[in-house]
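Take a look at the structure below.
The values are calculated or read from the model by the stated rules, or taken from the named source; none is laboratory data. Values in this document were obtained by computation on a predicted structure and should not be read as measured data. Cβ atoms come from the backbone with ideal geometry, glycine included; neighbour counts cover every protein chain shown. SASA here: full protein model, heavy atoms, side chains in, ligands and nucleic acids out. Shrake-Rupley method; radii C 1.70, N 1.55, O 1.52, S 1.80 Å.
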Amino acid sequence: MDFELSEEQRLGLDAWRRFLERDLGPLAQRNHETAFSNEVARELLALTTQFGVGNGWVSEDEGGVGLDFVTSGLLFEELARWSPDVAGLAWVTEGASLKLQQVGSPELKARYLPGLTAGTLIGCSAISEPGCGSNARGVRTKAVRDGSHFRITGEKIWTSNATIADLVLLLARTGEDELTLFLLDRREHAFTTREIPKLGLNGWSMGQVILEDAVVGEEYILGRIGGGLAETMKGFERSRCFVSTLALGVARAALDASLGYAGEREQFGRKIGGFQLVQDMLARMATDLDAARLLVYRALSLMAAGRRCDTEAAMAKVYATEAAQRITSDAIQVHGAFGLTKEFPLERHFRNARMLTVPDGTTQINRLIIGRALTGLNAFV
């Protein structure tokens, strides 16, 4: 494995870091505890898309930047050091853009892809429901054909970007054993959304999507009728990897803060970084972070090469998100009582890290995916 960045990657990351510190970071950090409004989210995406964050996976001939997944991961990790909320906003919109590019009709792509790649439209994917959780096959939202239209009724939950999205990519049941992916336009289709208060990542919208007999034309189908489950499952590898880049960014922010504090804070007449137990915590934090990065970028490298990486993505997601919890917890300990206050960022890093173990397959679900690959036996019913 080659761990060296290319000259192009180095230059791009340097410019991105300067931009984050000078412009985007201060703007994003004003919205830590309140979900971005649609207007603020558009303002943020208009900035990130200039660097390929929010549109990097879409090919250049379709209006994107055409980044490989490793380069994109590096950019998202840097962004998550400043704001995992903005990183999540951009990642979910970018996923919707890529799905539209891959399976959308020429008419839908012409209508919506330019806005998504420019950051003037916000996208999301609505899969989970109150009764099915990680089991996408258990979706109950129904789309009943009515001539050239479908009438869609149901409820989605835990949908990132829900309350600010202009476009919703929605998985619905079109037959007893048939799931289909639809594109819903907030301006044209009848659905409502509600924000869900949560522990962390509070700048990043997460909510419900409620449909009561929404009438959607068949021209809004993405891919083919009955192809929705396959298309949805394809996205989980990528999602697990990019949730993991958010965990890396949060953990790096916590470690950086701890190193700075340990080098400044004096106790008993000496810097606390000179105490053995503090050094032990810092060493464990740094080792955990490096191990997580190796797993994440291995999976991203496989994706960039066009290879399947279900197991590697699951390993990366499990380790990186659990490591971020350990690192942010130890960061609070290094800071002592100050780590518990809202005047320091550590408690927020801890809350944000805790959020990341659940989406795109909980730690336990991903361990079952790894176990299935190791044994050839399926623990899922």
Practice item. Just name the residue that is most open to solvent (accessible area, probe 1.4 Å) out of those in the stretch 9-29 that are more than 15 Å from Gly52 (Cβ to Cβ) and hydrophobic (A, V, I, L, M, F, W, C). Key: Leu27
Exercise for review: Could you tell me whether any residue of the stretch 66-84 is out of contact with any Ser or Thr (no Cβ under 8 Å at 6 or more places or on another chain), open to solvent by 10 Å² or more (accessible area, probe 1.4 Å) and in a loop (DSSP other than H, G, I, E, B)?
Suggested key: yes
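Can you confirm whether Thr49 is farther than 20 Å from Ala305 by Cα, open to solvent by 10 Å² or more (accessible area, probe 1.4 Å) and outside any helix (DSSP H, G or I)? Talk me through it step by step, then tell me what you get.
Values: farther than 20 Å from Ala305 by Cα: yes; open to solvent by 10 Å² or more (accessible area, probe 1.4 Å): yes; outside any helix (DSSP H, G or I): no.
No: the conditions fail for Thr49.
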**Study point:** Arg307 being open to solvent by 40 Å² or more (accessible area, probe 1.4 Å) and part of a loop (DSSP other than H, G, I, E, B)
**Key:** yes
Exercise for review: Scan the stretch 206-236 for residues that are modelled with pLDDT under 95 and under 22 Å from the mean Cα position of the chain (by Cα) and jot them down.
Suggested key: Gly228, Leu229, Ala230, Glu231, Thr232, Met233, Lys234, Gly235, Phe236
Revision key, fill the gap. How many residues of the stretch 310-345 are open to solvent by less than 30 Å² (accessible area, probe 1.4 Å), among the small types (Gly, Ala, Ser) and over 18 Å from the mean Cα position of the chain (by Cα)? The answer is 2
Revision key, fill the gap. Per the filter on the stretch 124-164, residues assigned to a strand (DSSP E or B), open to solvent by 60 Å² or more (accessible area, probe 1.4 Å) and of a type outside the set (Asp, Glu) are Lys142, Val144, Arg145, His149, Arg151, Thr153, Trp158
**Study point:** Among the candidates Asp360, Asp288, residue that is acidic (Asp, Glu), outside any helix (DSSP H, G or I) and either under 22 Å from Gly200 (Cβ atoms) or touching a residue at least 24 places away in the same chain (Cβ under 8 Å) (or both)
**Key:** Asp360
Review point. Could you say whether any residue in the stretch 334-357 is assigned to a helix (DSSP H, G or I), touching a residue at least 12 places away in the same chain (Cβ under 8 Å), under 24 Å from Ile127 (Cα atoms) and small (Gly, Ala, Ser)?
Key: yes
Check your understanding: Would you pick out the residues in the stretch 165-178 that are open to solvent by 10 Å² or more (accessible area, probe 1.4 Å) and in a loop (DSSP other than H, G, I, E, B)?
Key -> Asp166, Glu176, Asp177
